[in-house]
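Heads up: the structure comes next, in structure tokens.
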Amino acid sequence: MTASPRIIAIENVTKRYLTSSGPVEALHEVSLAVGEGEFCTLIGPSGCGKSTLLGMLGGLVPLDSGRVLVDGQPVTGPDPRRVATVFQDAGLFPWRTTLENVEFGLELQGVPAERRRGVATELLGPLGLRGFAGKYPRELSGGMKQRVAIGRALAIDTKILLMDEPFGALDEQTRLLMGEWLLDIWRRTKKTVIFVTHSLQEALLLSTRIAVMTARPGRIKSVLEVGMDYPRLMESGELVALRAKLWSEIREESLRAMGGRL
Amino acid sequence: MTVLVRLALLAAVLAVWEVAGRAANPLMAVPPSAVLPALRELLLLRSYPDLPASLLLTLREIALAYGLAVAAGLACGFALGMNRLVGRAYGPMLAALYAVPAVVWYPSLMLFFGLDAASKIAFGFLLGFFPVTLAVLAGIRQVNPQLVTVARAYGAGPVRVFASVMVPAMLFTLVGGLRTGLALSVIGVIVGEILGSKRGMGALINHAYGLLRTADYVALVLMTLVLIVGSDALASLVERRARKWSE
Amino acid sequence: MTLRVRALQLASILAALGAWEGAARAGWVDPLFVPAPTAVAIAFARIGGAALAALADTLGKTAVAYVLSVVLGVAAGLVVGSVRLLREVLNPFVIALYGIPKILVLPWIVLVLGFGAAPAIFYGTIHGLFPILVLVMGAVRDVDRTLVTVARSYGATTWQLYWKVLLPAIVPSVLAGMRLGLVFCLLGVLVVEMFAGVRGMGYVMSAFANGFQAPELFAATALVSAASIAIVLALDHLNEKLSHWRG
């Protein structure tokens, strides 16, 4: 375990959804603790409840039983002063420019226009969007849109950043570059990141820890510590070994999620 | 659940109408309980013996207006849609006319055709004509030009291309336009009758209103509504058939 | 292409006017019913001042009805569209009220509200309200759910959700509804003026029709049509300016 104090504690969380074909258990007695400044990735087969778990941390999904503590406090609803979320679909407001989208969270909090403009403008540099302040989302590429969405989350300067497959819709090359960029941001801001992905490579390159989840109902199957320094090379022997280990853990669950065929 | 809430809402509206209708001046409003006897009198042909004749006249006006609107709308739409230049010149002009509330044409039609059926038919025609024409134009734009090219390459002549490529591809839009056209033709005829006529359902409604026979007025309105809703239901049936066929 | 389109449009209008003038002069059409364009122009000069005053009267009532339609339509559409139970219960009623011809209740409205501006404004409002309401309801229902989730996760209050997310998201539909609603409002006001007016363009046109004053009637019709087209074009222009983010 990491020595840093725990900032997130998920304790025995269970979640059922009511569907037309009866109740479905999405999460079963999930427990996980994350230390401050960690980059913790949740990985698992489709439908394992990763996004549900993230939604609970963000206060968007209520839980049936168990506890979720952020900074020692139970989560009761969205709390933009502690947690910011980035979604897979960038979710930019199409009628707002890049700058106005980045400002959104501060605007809701009633930060004066001049100050929030200053914060957003300063962020555009590290976001690589300096020339795009006045552009509308339809004028941006997929990677740029996702950087604006991340900028919007960074602008409210929370300790915790939740990322729900933020690069899932991007092509592989853009995805690799965005990963490198995100690592840089993370190391500079020292935020705690909870990251959901389907990509083994992405998980291995970015995370300090990887939590593998089982097929539905989702549980934490195992937690891998990745103690390597950054930047990491996919070709390094250590990572290749880790990849094989990670894949053997996930493969079984993915097979189960597909109904055991293949 | 929602159906129950809907029914409850409907019942509440009727109840409010009943209470308000009883309290109000009987010349201004009547409760539903007073409409039912009036409806019975109407259906037994006691209050308005010429109801069948009026209904028939209105139906005949609608049929003529709609028939003409469909024929002219199809002809006009295809004439404009087949030639790119002609279509681009007259399409926007048609659309601009669409931005004028149609009722401005009615006084001129009344002047020209008189107070009898002809002016109602003309107005119903005018209202029905536009959606049919615009649906043909929109339908033609939807036809994938590649399909036409392929058909041509396989040696299909213009008639063949029209019948086996164009019509099936645009049927969906076309049928929608035909349905809207019917609804508007019906409205045109009834608006015309209410704005001034001697016979037909609109004339009966005006008569009841003029003599302050409010219960009869409501009963006649309900009869006319049945006519309107019935014609649209028929059209929607045809529309569904056509959709099934084109899929 | 554009130049040829414009040329064809202009040539067609001139040719139509020329043919019309020629036909009227040659006595092929009865000038009592179809006066020559020159006669219409002369009539326009004669009635100009009075017609403009009547137009101002009509447009004044339309403006009041329009503001009411837009405010009520957008507000009700936002609330009904965003609350699922309300939406599911009320949707069929709204669609039905939108679809049925309001002309049937016109005699009753005049009976209750009398002659003058009140029935015109009321009738104009119920005409303009429904297209806006239907479009806004649909637009609110179809707002990208991710945007709502994003706003919630950033701690948006209910007020902020409506003001900063739902309202801007439906702007294109509101504008489309405003364009439709305007023509409907004007139509409603004109119909009331024709049916039971003592002032306004609808009344003036009916009076010309009943008095067989064809040149004056044609001039008045042209004036209302031109005003309507001009207002709609102005709205289109505004629409383009307000929706620059849509591209």
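The values are calculated or read from the model by the stated rules, or taken from the named source; none is laboratory data. Since the structure is predicted, the reported quantities are computational estimates derived from the model, not experimental observations. When we count neighbours, we look across all protein chains shown, and the Cβ atoms used for this are built from the backbone with ideal geometry, even at glycine. SASA here: full protein model, heavy atoms, side chains in, ligands and nucleic acids out. Shrake-Rupley method; radii C 1.70, N 1.55, O 1.52, S 1.80 Å.
Listed conditions (1) part of a loop (DSSP other than H, G, I, E, B); (2) open to solvent by 40 Å² or more (accessible area, probe 1.4 Å) are all met by A:Trp95, apart from (2). Name the residues in segment B:69-104 that are farther than 17 Å from C:Leu223 by Cα and of a type outside the set (A, V, I, L, M), would you? Within segment B:69-104, B:Gly73, B:Cys76, B:Gly77, B:Phe78, B:Gly81, B:Asn83, B:Arg84, B:Gly87, B:Arg88, B:Tyr90, B:Gly91, B:Pro92 qualify.
With the condition kept exactly as written, say whether any residue in segment C:131-144 is within 21 Å of B:Val221 (Cβ to Cβ), free of Cβ contacts under 8 Å to residues at least 40 places away in the same chain and open to solvent by 40 Å² or more (accessible area, probe 1.4 Å). Even if it seems obvious, please write down each step before you answer.
Just the residues of segment C:131-144 that are within 21 Å of B:Val221 (Cβ to Cβ), to begin with: none.
The answer is no, given that none of the residues of segment C:131-144 is within 21 Å of B:Val221 (Cβ to Cβ), free of Cβ contacts under 8 Å to residues at least 40 places away in the same chain and open to solvent by 40 Å² or more (accessible area, probe 1.4 Å).
Considering only residues that are at the interface with chain B (Cβ under 10 Å from one of its Cβ atoms) and among the hydrophobic types (A, V, I, L, M, F, W, C), which ones fall in segment C:1-28? Don't jump to the end; show me each part of the working.
Step one: of segment C:1-28, the residues at the interface with chain B (Cβ under 10 Å from one of its Cβ atoms) are C:1-2, C:4-13.
Answer for segment C:1-28, where residues must be at the interface with chain B (Cβ under 10 Å from one of its Cβ atoms) and among the hydrophobic types (A, V, I, L, M, F, W, C): C:Met1, C:Val5, C:Ala7, C:Leu8, C:Leu10, C:Ala11, C:Ile13.
Of the numbered criteria (1) touching a helix residue (DSSP H, G or I) at 6+ places or on another chain (Cβ under 8 Å); (2) surrounded by 13 or more Cβ atoms within 10 Å (Cβ to Cβ), the one B:Ala75 fails is (1). Search segment A:231-256 for residues being more than 22 Å from A:Met178 (Cβ to Cβ) and polar (S, T, N, Q), and hand back the single one that is modelled with the highest pLDDT. Out of the qualifying residues, it is A:Ser248. Does B:Tyr106 meet the test of being at the interface with another protein chain (Cβ under 10 Å from one of its Cβ atoms), within 19 Å of the chain's Cα centre (by Cα) and surrounded by fewer than 20 Cβ atoms within 10 Å (Cβ to Cβ)? Answer is no for this residue.
Of all residues in segment A:136-160, those being crowded, with 24+ Cβ neighbours inside 10 Å, more than 19 Å from A:Leu177 (Cα to Cα) and more than 12 Å from chain C (Cβ to nearest Cβ) number 0.
Need at least 3 residues that are under 30 Å from C:Met201 (Cα atoms) per element, so show me which helices (runs of 4 or more DSSP H) inside segment B:51-166 make the cut, counting only ones lying wholly within it. Spell out the reasoning first.
Values: elements: B:51-82, B:84-98, B:106-113, B:117-142, B:145-153, B:158-161.
Output list reads B:51-82, B:84-98, B:106-113, B:117-142.
When A:Met1 is tested against (1) more than 30 Å from A:Arg243 (Cα to Cα); (2) over 20 Å from the mean Cα position of the chain (by Cα); (3) modelled with pLDDT under 90, exactly one condition is not met: (1). Scanning segment B:191-222 for residues that are more than 10 Å from every other protein chain (Cβ to nearest Cβ) and touching a helix residue (DSSP H, G or I) at 6+ places or on another chain (Cβ under 7 Å) yields B:Ser197, B:Arg199, B:Gly200, B:Ala203, B:Leu204, B:Ala215, B:Asp216, B:Ala219.
Inside segment B:196-221, residues that are of a type in the set (A, V, I, L, M, F, W, C), in contact (Cβ under 8 Å) with a residue 60 or more places away in the chain and open to solvent by 30 Å² or more (accessible area, probe 1.4 Å) make up a count of 1.
If you filter segment C:48-104 down to residues that are within 13 Å of another protein chain (Cβ to nearest Cβ), of a type in the set (Ser, Thr, Tyr) and under 30 Å from C:Trp159 (Cβ atoms), you find that the one that is least open to solvent (accessible area, probe 1.4 Å) is C:Tyr66.
Being open to solvent by 60 Å² or more (accessible area, probe 1.4 Å) and in a helix (DSSP H, G or I) is the requirement here; does C:Arg6 meet it? Write out each step before concluding.
Numbers: open to solvent by 60 Å² or more (accessible area, probe 1.4 Å): yes; in a helix (DSSP H, G or I): yes.
Yes, satisfied.
Within segment A:5-24, the residues that satisfy the criterion of being free of Cβ contacts under 8 Å to residues at least 12 places away in the same chain and either among the small types (Gly, Ala, Ser) or not assigned by TED's automatic domain parsing to the domain that holds A:Ile220 (or both) are A:Ser20, A:Ser21, A:Gly22. Scanning segment B:42-65 for residues that are open to solvent by 50 Å² or more (accessible area, probe 1.4 Å) and within 21 Å of the chain's Cα centre (by Cα) yields B:Pro52, B:Ala53, B:Leu56, B:Leu59, B:Arg60, B:Ala63, B:Leu64.
When B:Phe130, B:Phe125 are checked against the criterion of being open to solvent by 30 Å² or more (accessible area, probe 1.4 Å) and either modelled with pLDDT of 80 or more or touching a helix residue (DSSP H, G or I) at 6+ places or on another chain (Cβ under 6 Å) (or both), B:Phe125 stands alone in meeting it.
Here is the figure for segment A:62-79: residues that are within 13 Å of chain C (Cβ to nearest Cβ) and in contact with a Leu (Cβ under 7 Å, 6 or more places away or on another chain) total 2.
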